[in-house]
Structure formats: structure tokens, C-alpha cells
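Take a look at the structure set out below.
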There are 2 protein chains.
Amino acid sequence: MFEYIDRESVLTKSFLEEYQSHFRIESYPSKTVLLAQGQVAEKIFWIESGCMRIWLNKDGQEVTFQFFLENSLVASIESFWQSTPSLFTLETIEPTTVWVADKKDLKPLLDKTLQEEAYRNLFIDAIFQRTFDYMQRSLSFVQSTPEQRYLNLVEQRPELIKRIAQHYIASYIGISKVHLSRIKKKLLKS
Amino acid sequence: MFEYIDRESVLTKSFLEEYQSHFRIESYPSKTVLLAQGQVAEKIFWIESGCMRIWLNKDGQEVTFQFFLENSLVASIESFWQSTPSLFTLETIEPTTVWVADKKDLKPLLDKTLQEEAYRNLFIDAIFQRTFDYMQRSLSFVQSTPEQRYLNLVEQRPELIKRIAQHYIASYIGISKVHLSRIKKKLLKS
DNA sequence: CTAAATTGATAACAAATGTTATCGCTTTAG
DNA sequence: CTAAAGCGATAACATTTGTTATCAATTTAG
């Protein structure tokens, strides 16, 4: 886990060791719910291998809002940060191995880390990046057709297209699975 | 301008005075472009009175992405923070009076402010709030029908519905102006 | 004050998208 | 290994949504 972070960040070794001490490794089969819609997120996950999605209920149908692959940090971020009931259910969609930590252990350490200017700036940039990602996502709905959204995904996140069942992709794009199938057929012809 | 901030934040008087010294007041008529799509944002605005929107071009049509009313801080946030070309055009939609500051003057002051824990936490919370807002917006497109998105707006931002022309609202919701008119008619009947 | 522009509603039609059901083909569980 | 579940394609049909054009009412610019 931390070999990866090390390549990407300026976190020093001592910080890393402190963080690592709070994480434990766990494995789950596919379709395991790690956080249910309505619960408050008390844990954070680092995906070592496998894949998850967050989804929510829309008139009895599951709508997928986001995917997470290995080497990413996952939490129901708004629930984790604000201690509000999660809007989403977090569920594995492949057999998945993660590093888990409890929020109560991590929070003091994070506050300490943010005292230091370099880390603080990294942290702020990371949140901003998240903001821009969501902005782009919102934008894609008013700016692009479903076909364009699919093509963007093919270009920008080809791993998702390869690994993830098509009906999940469809709801992520905001269309029905039948319609996505039609779009693919049309694209094949042209 | 700063009377307002004062009520809402923990900024001390000395900080406020330093910030205020960088702002100047300006007024524009309706339909004034303050930042064009493709330019890098070098200014930040505090709206004293009036109303703006940010929009972008979609196949020759203007699509409205966001509105800003008085007492809010406005910039093409991703352009301002990352110094990248703005995705949006910022334009007034009413006669508008703003406080303006230049990014080059504000940045050093902001860095200094963020040294202090209380301000830093405020700042981080503010960015997170922005993230959650965009998350909700993305979510609304996969989770809700256009009619539900309109009703949410009526409930949560009634000022927008009252003040802003319907065709702007329509593109903000992600539908055509004709369709919004139809939705309103249907709602009247029920 | 007056002409021009903007706004919101509406109709008629076209295109996009959803729903339901069916059918092979994989994959998974036991 | 075998039965069950999951998956992707497809067809038929219903519904939603977009497009274009028109009109009356209102607002704006000069």
C-alpha cells in the first residue's frame, strides 16, 4: 500500500509509519456491502486489489454513482467528513482486498499533518481536484449527449469499460442499459 | 461587503482590513462579460448587488452552468486556482455591482491566512462544501427526472426561479426551454 | 414615448430514451 | 459437473424530450 503513496507524495517516512500503524488488511468477496446508505461512515479504505462502486436507490432501482479501482482511497466522503448519514451504499463488485482504518484513529493524525504547510497544500489541492472532477461530471450532463459521455469514458477510463458490467456503466452515465447497448451498436456501424 | 462576511466568519478585524484594501468597487450593466471562456481568471468578484451566470458553448447554444446572486464570491474557480483556461464565460444577467480584487494581490494574503489553524479549517470546510454541492448536482442527473430537478430548485433556490429568465433555468436543469414550459403546465394541473 | 428585443406559452412533428420481455451465452455457487 | 444467476443483445412499443415556428405580453434601449 504505502509503496504506492510514496511514489506520489511528499509524505515523509515517519508520517507514513504512523499512518500505516492504523491500517489493517481485509478481504471481501464480490457484492459485499462495506457501508449502507443511511449509515455514518466510520472507516476509510485503501484498495489494494479489486473494485467497488457506490450506488443509491431510485424508485427501487440501483443507480451507480461512482467506481473505485485499486490504489485509491475510498470513503463516502461527505459522510466521513461531515458525520452525516451516507447518501450511498459502498459495495464491492469484485473480490477485493483493502487496507482499512477507523476514522477516530485517523482524524487526530490528519489534523497534525495539516499543521505542516507542504502537506496542507497537498491536501487542499487534492480536495480541489475532487471538486473539479465533480464539476466536470455535472457539466457532462448539461453539455454532452449520452453517446458523448460514453465515448469520454471509453477514452478517459478504458479500464472501467473493460472490467465493469455494462449495466453498471449505463447507470453511471445516466441512461438505461438498453440504451447503452443501442449506442454501442450504432458506434460499431460508424 | 465586509459587514456581511463579518457576520458569518471568524476573520479578525485586521485580516479584514488587509483583504478589503485589495478590493475596489465596480458596476456593470446587464449582459457584461467579466471573463470569457478560454481566458485565465485573474480576478475574483464579490457580488454586492445583482446577478451573474457562467455558461459555455454547446453546438452554438449557450448552456448555463451556474448562477450567482449577491453576497457571494465568484470566480471561474478551476481557472483561478489552477491557472488554466476557463471552461466558462462569466456574464452579468442584471445590472450588477461588485467588489473586485486581482489574484496576484490576493494570493500571498491567502497563503498567510491559511497558516492559522482556525482559518485553514474554515477554508477546507468551504472547499468541501463546494465539492458536496457539485456532487449533489451530478447526483441529481442520475437520480432525478427533469421535473424533480425543477421542483428541487423551486424548493431550495426559490430566489433563482423568481429572478432569472426561464430559458436560463431550463439549460441549468439540463432541458430545453420548451420542455420546462411543459413541465410547469403539467404541475399547475396537478 | 416608441420600436426592438426578450420572454413564456403553445402546437406539430421528429428524435431520443425508457420499459418490458425474450433469447443465447457466460459465469458462479454448491 | 450442473443448475442457477448474471450478462449483453435485440425487438416492440410507450413515453419523454428536443426542434422549429408562431404569437401575445412584457421589458428595454434610445
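Things worth noting here:
Condition check ((1) surrounded by 17 or more Cβ atoms within 10 Å (Cβ to Cβ); (2) at pLDDT 95 or above; (3) on the phi < 0 side of the Ramachandran plot) across all residues:
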| position | (1), (2), (3) |
| --- | --- |
| B:Ser14 | no, no, yes |
| B:Glu17 | no, no, yes |
| B:Ser30 | no, no, yes |
| B:Glu42 | no, yes, yes |
| B:Gln61 | no, no, yes |
| B:Phe80 | yes, no, yes |
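- Positions within region B:51-65 being out of contact with any strand residue (DSSP E or B) (no Cβ under 7 Å at 6 or more places or on another chain), charged (D, E, K, R) and either more than 10 Å from chain A (Cβ to nearest Cβ) or outside any strand (DSSP E or B) (or both), in sequence order: B:Asp59
- Top-ranked residue of region A:82-95 - restricted to ones that are closer than 18 Å to B:Gln143 by Cα and in a loop (DSSP other than H, G, I, E, B), ranked as most open to solvent (accessible area, probe 1.4 Å): A:Leu87
- Residue check for B:Arg163: within 14 Å of B:Gln66 (Cβ to Cβ), within 16 Å of the chain's Cα centre (by Cα) and either more than 10 Å from DNA strand D (Cβ to nearest atom) or modelled with pLDDT of 95 or more (or both): no
- Counted as qualifying within region B:107-190 are the helices (runs of 4 or more DSSP H) with 3 or more residues that are facing chain A (nearest Cβ under 9 Å) and open to solvent by 20 Å² or more (accessible area, probe 1.4 Å), namely B:117-143.
- Odd one out for B:Phe68, checked against (1) of a type outside the set (A, V, I, L, M); (2) open to solvent by 20 Å² or more (accessible area, probe 1.4 Å); (3) more than 14 Å from chain A (Cβ to nearest Cβ): (2)
- Residues being outside the structural domain of B:Ser30 (by TED's automatic domain parsing) and over 20 Å from A:Arg137 (Cα atoms) are entirely absent from region B:67-74.
- Exclusive hit being of a type in the set (S, T, N, Q), assigned by TED's automatic domain parsing to the domain that holds B:Ile25, more than 16 Å from DNA strand D (Cβ to nearest atom) and in contact with a helix residue (DSSP H, G or I) (Cβ under 7 Å, 6 or more places away or on another chain), set B:Ser138, B:Ser86, B:Ser79: B:Ser86
- Enumeration of residues in region B:80-106 that are within 11 Å of chain A (Cβ to nearest Cβ) and among the aliphatic types (A, V, I, L, M): B:Leu87
The values are calculated or read from the model by the stated rules, or taken from the named source; none is laboratory data. Note that the structure is a prediction, hence the values are computed from the model and not measured. When we count neighbours, we look across all protein chains shown, and the Cβ atoms used for this are built from the backbone with ideal geometry, even at glycine. With ligands, DNA and RNA removed, areas are computed over all heavy atoms of the protein, side chains included. Shrake-Rupley method; radii C 1.70, N 1.55, O 1.52, S 1.80 Å.
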